[in-house]
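Participant: For reference, the structure I am asking about is given below.
Derivation of every value follows stated rules applied to the coordinates shown; laboratory data play no part. The shown structure was predicted, so the numbers you read here are calculated from the model rather than taken from an experiment. Cβ sites come from the backbone with ideal geometry, for glycine too, and all protein chains shown count toward neighbours.
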Amino acid sequence: MDQFLADLYADGVQHDAAQPDRLLRRRNLEPDTAALLAMLVRIAGARRVVEIGTSNGYSTIWLAAAAREVGGRVVSVDTQEWPGVLANLSRAGVEVDLVRADGGAHLASLASGSVDLLFLDAERTEYPSWWPHPIRVLRPGGVLAIDNVLSHPDEVAPFLVLLAEDDRCRSTTVAVGKGLSITWRAE
Ligand SMILES: C[S@@+](CC[C@H](N)C(=O)[O-])C[C@H]1O[C@@H](n2cnc3c(N)ncnc32)[C@H](O)[C@@H]1O
């Protein structure tokens, strides 16, 4: 698994360097961020994990392997099915529920408190329009993680303000990779 993930990440870096269109890049999570996210899944005992932004499945594999260790499963949502995603998940030996939908619409369709850990890794400027669903769907004690908060602070700021103004949210930013915001949802 470790070697497969390292190879997949290296392939993604090479692919993205040759791809001028940002939206066609895989933009995989940095390995250190993925490792932290996977550890959060284990520590939180997160059995119902939702990811918004699958790409070719790199972060999905990290999440799914960790969720499996605590008896859980990942639903990963993307507006498109990326080439190789099914093969990557299969080669990694993880089972994931892939949903092709808009992340905001998917979150709006979920029951309140039905998610243990939510990872947002899609188009950052869309997140405020998804409010309040990213917090509504979390169970009390659940975790929300958002990538790119240090690499793209201006894009993420409006959403972080919503979190900061919500009494239920306790947030911190970890300077790993491109910056991971972690929010714990209180009662
Ligand atoms: C940064 S990439 C995700 C990288 C992936 N998490 C990884 O580490 O391998 C962003 C992804 O979000 C998807 N996306 C963009 N807007 C979306 C939306 N509104 N709903 C769901 N997915 C979206 C894109 O298709 C793309 O695959």
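Condition check ((1) over 26 Å from Pro132 (Cα atoms); (2) among the hydroxyl-bearing types (Ser, Thr, Tyr)) across all residues:
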site: Asp16; (1), (2): yes, no
site: Gln19; (1), (2): yes, no
site: Gly45; (1), (2): no, no
site: Arg68; (1), (2): yes, no
site: Thr79; (1), (2): no, yes
site: Arg91; (1), (2): yes, no
site: Val94; (1), (2): yes, no
site: Ala111; (1), (2): no, no
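Participant: If you go through segment 96-150 one residue at a time, how many are without any contact (Cβ under 8 Å) to a residue 60 or more places away in the chain and hydrophobic (A, V, I, L, M, F, W, C)?
Facilitator: 16
Participant: Kindly indicate whether Ala38 is outside any loop (DSSP other than H, G, I, E, B), in contact with a Ser or Thr (Cβ under 6 Å, 6 or more places away or on another chain) and either near the ligand (Cβ under 8 Å from one of its atoms) or not charged (D, E, K, R) (or both). Break it down into steps so the answer makes sense when it comes.
Facilitator: Numbers: outside any loop (DSSP other than H, G, I, E, B): yes; in contact with a Ser or Thr (Cβ under 6 Å, 6 or more places away or on another chain): no; either near the ligand (Cβ under 8 Å from one of its atoms) or not charged (D, E, K, R) (or both): yes.
In short, no.
Participant: Just for segment 75-85: of the residues that are aliphatic (A, V, I, L, M) and within 11 Å of the ligand (Cβ to nearest atom), which one is farthest from the chain's Cα centre (by Cα)?
Facilitator: Val85
Participant: Still on this structure: Give Arg124, Arg168 a once-over and let me know the one that is among the charged types (D, E, K, R) and away from the ligand (no atom under 14 Å from the Cβ). Please lay out each step first, then the result.
Facilitator: Working: Arg124 fails: away from the ligand (no atom under 14 Å from the Cβ).
Of Arg124, Arg168, the one residue that is among the charged types (D, E, K, R) and away from the ligand (no atom under 14 Å from the Cβ) is Arg168.
Participant: Looking only at segment 83-126, which residues are assigned to a strand (DSSP E or B) and not aliphatic (A, V, I, L, M)? If you could, list the steps in order and put the result at the bottom.
Facilitator: Taking segment 83-126 and keeping what is assigned to a strand (DSSP E or B), we get 96-100, 115-120.
Asp97, Arg100, Asp116, Phe119 - these are the residues of segment 83-126 that are assigned to a strand (DSSP E or B) and not aliphatic (A, V, I, L, M).
Participant: How many residues are within 14 Å of the ligand (Cβ to nearest atom), among the polar types (S, T, N, Q) and in contact with a strand residue (DSSP E or B) (Cβ under 9 Å, 6 or more places away or on another chain) if we restrict to segment 104-118?
Facilitator: 0
Participant: Another question, then. Tell me which residues, restricted to segment 114-132, are aromatic (Phe, Trp, Tyr) and under 14 Å from Leu163 (Cα atoms). Break it down stepwise before answering.
Facilitator: Step one: list which residues in segment 114-132 are aromatic (Phe, Trp, Tyr), which gives 119, 127, 130-131.
Answer for segment 114-132, where residues must be aromatic (Phe, Trp, Tyr) and under 14 Å from Leu163 (Cα atoms): Tyr127, Trp130, Trp131.
Participant: Among the polar types (S, T, N, Q), surrounded by 15 or more Cβ atoms within 10 Å (Cβ to Cβ) and in a helix (DSSP H, G or I): which single residue out of Ser76, Ser129, Ser59 fits that description? Quick ask: steps written out before the conclusion?
Facilitator: On the way: Ser76 fails: in a helix (DSSP H, G or I); Ser129 fails: surrounded by 15 or more Cβ atoms within 10 Å (Cβ to Cβ).
Selected residue: Ser59, the only one of Ser76, Ser129, Ser59 that is among the polar types (S, T, N, Q), surrounded by 15 or more Cβ atoms within 10 Å (Cβ to Cβ) and in a helix (DSSP H, G or I).
Participant: Here's another thing I want to ask about it. Only one of these conditions is not met by Ala66: (1) in a helix (DSSP H, G or I); (2) over 21 Å from Val176 (Cβ atoms). Which number is it?
Facilitator: Only one criterion is unmet by Ala66, namely (2).
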